Amino acid sequence: MALRRSPSSTCADPWSNGAGFRQVTTALSESSSIHSHALDHLSKDIPGTGLNPMPYSILEPAVFKEEPWAEESRRLLQRNSMQISPSEDKIPVVGSTSSPQASDEGLYFCDGRRKVDYVLVFHHRRHCSIRSPASISVSQDELSIVSNGNFPQTTGSDVEAGRGRGVLGGEAASVGEVFMELGSGKRIEPMEPADHEMHLIRQEFEANLQEAGLEIERDKEQKTHGPSFTRIHAPWPVLCREAEFLKIKVPTKKSYELKEESGFGSSMSTVWRKLNQPFQPKISHQDHGSTKFLSHCFSRDKLHLYNVTSKDTFFDNATRGRIVYEILRRTVCVRTCQTIGISTLIAKGVYDAAFPLHDGDYKVIGHLEEQNDRQVLHEEWARYSAFYKYQPIDLVRKYFGEKIGLYFAWLGVYTQLLIPASIVGIIVFGYGVATVDTNIPSLEMCDERLNFTMCPLCDGACDFWHLSTACSTARASHLFDNPATVFFSIFMSLWAVLFLEHWKRRQISLSFSWDLTGIEEDEEHPRPRYETILLQKRQRKEKKKKKKRKSEAAIEKLTWKDRLPGYFINVSSILFMFGLTFSAVFGVIIYRITVSALMAMSPDPETKSNVRVTVTATAVIINLVVILILDEIYGAVALWLTELEIPKTETNFEERLILKAFLLKFMNAYAPIFYVAFFKGRFAGRPGSYVYVFNDYRMEECAPGGCLIELCIQLSIIMLGKQLIQNNIFEIGIPKLKKLIRTCKEKESTQNKKNEERPPQQWNLDYALAPFEGLTPEYMEMIIQFGFVSLFVASFPLAPLFALLNNVIEIRLDAKKFVTELRRPVAVRAKDIGIWYNILSGMGKLSVIINAFVIAFTSDFIPRLVYQYMYSQSGTMHGFIDHTLSYFNVSNLKPGTVPQNSAHGDITVCRYKDYREPPWSSDAYQFSKHYWSVLAARLAFVILFQNLVMFLSLMVAWVIPDVPKTIVEQLKHEKKLLVNLFLQEEKEKFQLIQSLFVKDATLHSKSQEPSPGQPFPILGRYSTLPSGPMTGEGGGGGPRVRCRAASFSQFRDETSSPQNTNSRHTAV
C-alpha cells in the first residue's frame, strides 16, 4: 500500500496524528485484491482517521456474485491496471486553459477542439467523501481511496494548466495497490449508502464508455448540491466505427444531374418556382439545384469515396449525438444487475438526464452566413411572422432527425391540403346563405298564416306553441342542411383518400432525398421496466432452484402468463373508462332535461322563449370542460396501463400507448357528438306516450328544424374550444409556467453560490429546458382534429377552414417549442410516420360511413327527396312541413300533463314531428306508410353513398401510384451508377496490382523483360502474392492480408485520367 498526501491539503499538522479528519466511508469491489479486512487493520493502524469499510451487501447483492459479474470485474481490473498514456486517457476539467474556440457558448471541451456530443447530468445530494478522480477541488480536502478495478483509471499527474493533480500521477496502478489521499477535512459528511452506490455505478459506467472509445470531461468543482455535468466526445475513429455499424448513408464524391422536364412542363415549373419565391425560407445552404450526390452506407474501407474535407464536420451534430446515444444505450453496467443502457440508469436515478446539446443560442447574432442551424430555424421557421413561408423540412431533418422531420412534413402536407377543402366548404356555406330566402320549407315554417299549433314541450308547465316561433332555427338549419352538403360530404371523403395518397408519395420522395431507402430497422434494447421484471423473475426462479436443487434453463423473456394480470387490468380499466365517458354524457343529458323543465316553468316570457338556445349553449360548454379534463386523465391512465403490459421495446411500448390513448380520447371527444347525431330524439316517444327519465323528466327531442343544427353547434364549439384552450393554455401557458417555476428555483440556488461568476455554459442552458417527451401528444391533437374535419363534416362545412387557421399557428407553435423550449432530442431514423398512418386510414374509411348516416338519418335531405318525387302533387317542396307533422288528439294526453291556463284557448288537436297515423285512423298513432318509405330510402342512400365513395376512393388510389415515376427512375439510375463506381474502383485496384507484379517481375528477372507488344502478366499465373499491405485482391497462395481501399487513394491521381475528377456529373 502506498499513502500519499493530497497536494491540496492545507493542514499544518502531520497526517499521522489524524487531526482534523472526519469519518470516511470506503468500498471495494469484489475484483479488488485488497479486502475489507485489510482496510479494517489499516484503520486501526492509523488512529483518528475513522476509516470504516462499507459492507459488501450495500453494493453487491447476491446476484452480482455470479460468473458474469466476476468476469466483468476482472475485465475492468485488467483494463485499469494497464499503463495508459496521458494523451489517451486524460480527462480535462473545467477551468483549464482554453482556446478562443472553447468559449464558443460551451459547445467544446476545455481544449477548444473537441466537440461536446452528449451530456450526462446527475445531482449531488450530499457532500461526497469518495471523489471521482477528476473532481479534486482545491477548496475541499478529504481522504479518498482508489482501488484497482473499482474506479476508472486516470492519468495526467500535473495538467499543463496547473489546475489539478491525478490520483495516480501518471503511473499505472499495480495489482493489489491502493493509493490514499489525506488532507484537512472541512465539513465532510458521510454519504448515504444509496448515493454511494450511485456514485460507484456512475464511475463504472463512465469507465466502460471510455473503454468504448469515448472521451469524457467532468466538472472541476466538487458540489455539495445541484447538478453536475459529464460531457462526452466521440473521436473520429469511434464515429467511423459506429457509422459503419449503424449503416449511416453519407454522400460520395460521385454526383449526377437530375432529369429536368422539357417543353411545356419545364416552362410551367419555371413560372411556379418564380411565383413561390416569396414563400421560400431564406436558407443559405439549401440545395435547390439539379445535382444530386450518390449516397452509400459508410465504410472505413472506402474513405476515399467520400468527400471528407474535415473530420469535425463530416458527421453533423445530430448524427454525432445519435452515434453517442447508440453507445450509451448498449453500454453494460454490472452493478445495476447487469442492465444495459443509459435509459435504465436514468430510470434507476443514477443519472437525471442525458441529451445532446443545441447548436448554441437561438438568438440571431451576425449575418445569415454566420448563423448556426438553430438560429436559422428560429428566424425562418419558429416565428409567427413566418406563417406564410414553406417549412425548411430538410434543415429540420438535419437538426432534429428524420422522425421529427417527418412529423412536420406530414403536418405541412395536411395543412396545405386543407386549403382546397376550406375553399369548397366556404362555397357550400355561401350556397346556403344565398338560398336561405328561397328555401320553401323554411318559408313555410316562418309563415304565421299556416298556424301550425304544436304539442307542449313539457308536461303541465309548458303551453301549446306555434311553429312560426322557430323560424330562426329553421333558417339557420338551412345554412348547413342543403343539397350542397351531400356534395361536400362526397368531396371530403375523396379528399381524405387524396390526402393519404399524396402523403405516401411525399413520404417516399423524402425517403429518397434523405437517403432512407433500404435502411434496416435499428436493433432495440429492452426497456428498463422489462429488464427489472425479468430480473425479478430470474431471482425467484433461482430461489426455487436452490430449494429443489434442479438445473433449469435460464429465463430469456417474459411470457403471456407474466403479462396476464396486466391484460386483465387493461381490459377492465378501459371498460371502466368507457363507462365513465358515457356517464359524463348522460349527466349532461340530465342537465339539459332538468334545466329545460325548470326554465319552462319560469313566469318570465323571455326566459321561456330562450330555453333551447340557453340549454344547448351551456350544455356544450359543460361537455367541452369535461372533455378537456378527461383528456388529461385518459392520457395518464393510458400510460399507466401500457406500463402494466410490460412491453419489451420502446417501439412496442409507443404503439400500445398510442392505441390506448387514441381509443380513450376518441371516445371522449366524439361521444357527445355521436349522441346528438344518432340518438337524440330517436327514443323520446310521442305525445301521450313519452319516455321518462327517473319517472319525472321527459327525454329531450330535437329542435323543430332538425338535429343537424344542434350537431353543428356541438361540433363547432367543441372543436374550436378544444383547439383554442389546448393551444393557448396547455401548449403555451403551462410550459411557460413550468419554465417560470424552474427559473425561480435556479435564481434561489444561484444566489447561494457566491463563487459562481462565469456565465452559464450551453449544457446549463439546455438542462434548464423541458425534456423532449415524444411526438405522441402532437400527433394525437392533429388526429382528433382530422376526425372533426372528416367524420362529421356534413354538419359543419366550415370545419376545414377553422382547422386550417389552427394549423397555421400550430406549425409555428410547435416549431418554437422545439427550437427554444425543449432540449434537443436524439436524431432518430424513421422511414414513415408509423402506426399513425393506419389510424388515419381507418378514420378515412369510417368517415364515409358516418357521413352517410348523418345525411340519411340526421338531416332532412332524404325526407325532402321522398316527398318531392313521391308525394308532392306539384313536384315541388310546397306542403313539405305539413307532410312531416302528425296529428294528436289533446284529449288523449295523460292526466297532469295537460297545459294549465293555456293562452291559446280551447285546443283539440295539436301537431308533432313524426310519421304516424292520425287519431281518426284505425291504427291511430302507429307508424304510417310514409315512415317506412322514408326509412327504406335512407337505408338505400347509405348503401349507395358508401359504395359510390368507396369505389371512387379505390379509383383514386389506383390512378395515383404510391411511388412517383421520377423516383423509380432515379433509384434505378443511382443503383447503376453505384455499380459502375465500384466496378471502376475494382478495375483500378486490379491495374495497380498488375503494375506491382510487373515491377516485381522486372526486379527479379531483368533478362525476361516483356516486349512492347506483350500484355501485362495476368493475375493468377503466379503461385504466390507479394507480401505486404498490397496483398489481398488477387488469387494465389499464401495467407491473404486484407487491403484497405483507402490505401489506394494515393495512386488515384496517377492512374486516373485527367477527366476523372472528384465530382463527376453524368446526365440522367
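A Cβ distance below 6 Å, combined with a sequence gap of six or more or placement on separate chains, defines the contacts here; from region 222-238, residues that are within 18 Å of F315 (Cα to Cα) and modelled with pLDDT of 90 or more reach residues that are crowded, with 19+ Cβ neighbours inside 10 Å and of a type in the set (D, E) in the pairs I232/D117; H233/D117; H233/E215; A234/D117. Residues in region 349-392 that are under 26 Å from F279 (Cβ atoms) and outside any loop (DSSP other than H, G, I, E, B): 14 in all. Exactly one residue out of S953, S886, S933 is more than 30 Å from F293 (Cβ to Cβ), in a helix (DSSP H, G or I), open to solvent by less than 60 Å² (accessible area, probe 1.4 Å) and at pLDDT 90 or above: that is S933. Pairs linking a residue in region 831-860 that is among the β-branched types (V, I, T) and buried (at least 20 other Cβ atoms within 10 Å of the Cβ) to a residue that is in a loop (DSSP other than H, G, I, E, B) and at pLDDT 90 or above, with Cβ atoms under 9 Å and 6 or more positions apart or on different chains, do not occur.
Across region 552-583, the qualifying residues are those that are surrounded by 15 or more Cβ atoms within 10 Å (Cβ to Cβ) and assigned to a loop (DSSP other than H, G, I, E, B), and the one among them that is modelled with the lowest pLDDT is I555. R911 meets each of the listed conditions (1) touching a residue at least 24 places away in the same chain (Cβ under 8 Å); (2) within 25 Å of D860 (Cα to Cα); (3) open to solvent by 40 Å² or more (accessible area, probe 1.4 Å) apart from (3). For the residues E632, E645, E650, the requirement of being at pLDDT below 90 and either open to solvent by less than 20 Å² (accessible area, probe 1.4 Å) or out of contact with any helix residue (DSSP H, G or I) (no Cβ under 9 Å at 6 or more places or on another chain) (or both) singles out E645. Evaluate the following for I283: is it at pLDDT below 85, β-branched (V, I, T) and either at positive phi or buried (at least 17 other Cβ atoms within 10 Å of the Cβ) (or both)? In short, yes. A815 is checked against (1) touching a residue at least 24 places away in the same chain (Cβ under 8 Å); (2) assigned to a helix (DSSP H, G or I); (3) surrounded by fewer than 21 Cβ atoms within 10 Å (Cβ to Cβ) and fails just one. What number does that condition carry? That leaves (3) as the condition not met. When region 672-693 is examined, which residues are found to be open to solvent by 20 Å² or more (accessible area, probe 1.4 Å), in contact (Cβ under 8 Å) with a residue 24 or more places away in the chain and in a loop (DSSP other than H, G, I, E, B)? Once the filter is applied, which keeps residues that are open to solvent by 20 Å² or more (accessible area, probe 1.4 Å), in contact (Cβ under 8 Å) with a residue 24 or more places away in the chain and in a loop (DSSP other than H, G, I, E, B), region 672-693 yields G681, G688. The one condition from (1) under 30 Å from P565 (Cβ atoms); (2) in contact (Cβ under 8 Å) with a residue 12 or more places away in the chain; (3) not small (G, A, S) that T618 does not meet is (1).
Would a scan of region 665-683 turn up a residue that is farther than 21 Å from F853 by Cα, under 28 Å from the mean Cα position of the chain (by Cα) and not polar (S, T, N, Q)?
Residues of region 665-683 farther than 21 Å from F853 by Cα: 665.
Of the ones still in play, those that are also under 28 Å from the mean Cα position of the chain (by Cα) are 665.
Okay, now just the ones that are also not polar (S, T, N, Q), so 665.
Scanning region 665-683, I find at least one residue that is farther than 21 Å from F853 by Cα, under 28 Å from the mean Cα position of the chain (by Cα) and not polar (S, T, N, Q), so the answer is yes.
Of the set (1) more than 21 Å from I713 (Cβ to Cβ); (2) modelled with pLDDT of 85 or more; (3) open to solvent by 40 Å² or more (accessible area, probe 1.4 Å), all apply to L664 but (3). Being closer than 30 Å to A597 by Cβ, more than 54 Å from the chain's Cα centre (by Cα), free of Cβ contacts under 8 Å to residues at least 24 places away in the same chain and assigned to a loop (DSSP other than H, G, I, E, B) is a description that applies to A924.
Residues F400, F480, F408, F464: which one is among the aromatic types (F, W, Y) and out of contact with any Phe, Trp or Tyr (no Cβ under 9 Å at 6 or more places or on another chain)?
Every option except F464 fails the conditions.
Could you go through region 382-390 and let me know if any residue there is at pLDDT below 90, open to solvent by less than 40 Å² (accessible area, probe 1.4 Å) and either more than 19 Å from E781 (Cβ to Cβ) or among the polar types (S, T, N, Q) (or both). Yes, some residue in region 382-390 is at pLDDT below 90, open to solvent by less than 40 Å² (accessible area, probe 1.4 Å) and either more than 19 Å from E781 (Cβ to Cβ) or among the polar types (S, T, N, Q) (or both).
The residues of region 449-484 that are open to solvent by less than 30 Å² (accessible area, probe 1.4 Å), of a type outside the set (S, T, N, Q) and either at pLDDT below 80 or closer than 26 Å to P895 by Cα (or both), listed by number, are F452, M454, C455, P456, C458, G460, C462, F464, L467. Checking the structure you have, find out if any residue of region 713-720 is assigned to a strand (DSSP E or B) and open to solvent by less than 40 Å² (accessible area, probe 1.4 Å). No.
Does region 319-353 hold any residues that are crowded, with 23+ Cβ neighbours inside 10 Å and among the small types (G, A, S), and which are they? Of everything in region 319-353, those that are crowded, with 23+ Cβ neighbours inside 10 Å and among the small types (G, A, S) turn out to be G321, G341. Considering each of L294, L303 in turn, give the residue that is in a strand (DSSP E or B), closer than 29 Å to H973 by Cα and among the hydrophobic types (A, V, I, L, M, F, W, C). Testing whether each residue is in a strand (DSSP E or B), closer than 29 Å to H973 by Cα and among the hydrophobic types (A, V, I, L, M, F, W, C) leaves just L294. Among (1) surrounded by fewer than 18 Cβ atoms within 10 Å (Cβ to Cβ); (2) part of a helix (DSSP H, G or I), which single condition is Q900 missing? Only one criterion in (1) surrounded by fewer than 18 Cβ atoms within 10 Å (Cβ to Cβ); (2) part of a helix (DSSP H, G or I) is unmet by Q900, namely (2). Per this entry, E260 is not counted among residues that are at pLDDT 85 or above, touching a helix residue (DSSP H, G or I) at 6+ places or on another chain (Cβ under 8 Å) and open to solvent by 50 Å² or more (accessible area, probe 1.4 Å).
Based on this model, can you work out whether Y306 counts as more than 19 Å from K398 (Cα to Cα), buried (at least 16 other Cβ atoms within 10 Å of the Cβ) and in contact with a strand residue (DSSP E or B) (Cβ under 6 Å, 6 or more places away or on another chain)?
Numbers: more than 19 Å from K398 (Cα to Cα): no; buried (at least 16 other Cβ atoms within 10 Å of the Cβ): yes; in contact with a strand residue (DSSP E or B) (Cβ under 6 Å, 6 or more places away or on another chain): yes.
For Y306, the condition - more than 19 Å from K398 (Cα to Cα), buried (at least 16 other Cβ atoms within 10 Å of the Cβ) and in contact with a strand residue (DSSP E or B) (Cβ under 6 Å, 6 or more places away or on another chain) - is not met.
The values are calculated or read from the model by the stated rules, or taken from the named source; none is laboratory data. It should be emphasised that the depicted structure is a prediction, and the values quoted were computed from it without experimental measurement. Heads up, the Cβs are rebuilt from the backbone with ideal geometry, glycines too, and the neighbour counts pull from every protein chain shown. SASA here: full protein model, heavy atoms, side chains in, ligands and nucleic acids out. Shrake-Rupley method; radii C 1.70, N 1.55, O 1.52, S 1.80 Å.
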